[in-house]
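This report concerns only the one structure given below.
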Amino acid sequence: MTSYLRYRPIPIVGIFAGYQINRGGETFVNDVGQNDEPNNSKLIFGGAIFLYGTQIILRHAQDLQIENGFKTNHQTTLRLQWNF
């Protein structure tokens, strides 16, 4: 489950903050449970600019709790979308 709060101070700029939770989903091999249910959470924040059919999004995320799976201390993503 992911939840976001978004705010647009002016029509071409948006800022956001979010929280993501990943629970459940144990895997099985030959009908034997692997005891690998995820219990993970992540904090997300960033901003976006919308100009003339172009969208630029900068997003930063940080894992808060990882009980199964890979841990990412900090993740930064820059996305450019151009409509033509």
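The values are calculated or read from the model by the stated rules, or taken from the named source; none is laboratory data. This one's a predicted model, so the numbers in the text were calculated from it and none came from an experiment. Because the Cβ atoms are built from the backbone with ideal geometry, glycine has one as well, and the counts that use them run over all protein chains shown. Calculation scope for accessible area: heavy atoms of the full protein, side chains included, ligands and nucleic acids excluded. Shrake-Rupley method; radii C 1.70, N 1.55, O 1.52, S 1.80 Å.
Numbers at a glance
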quantity: Highest average packing first - 62-69, 6-13, Cβ atoms within 10 Å; calculated: 62-69, 6-13
quantity: Where the chain is the region considered: accessible area per residue in Å², 1.4 Å probe; calculated: 78 Å²
quantity: The chain, relative contact order in percent, only Cα pairs under 8 angstrom and at least six apart counted; calculated: 23 percent
quantity: Within the accessible area of the chain (1.4 Å probe), percent carbon and sulfur; calculated: 58 percent
quantity: Protection proxy ranking of 20-26, 37-43 - average other beta-carbon atoms within 10 Å, highest first; calculated: 37-43, 20-26
quantity: Neighbourhood charge, 13 Å Cβ-Cβ cut-off, centred on Gly25 and excluding it, Lys, Arg +1 and Asp, Glu -1; calculated: -3
quantity: Nearest-0.05 FRET efficiency for Tyr52 and His74, computed from C-beta distance (R0 30 Å); calculated: 0.45
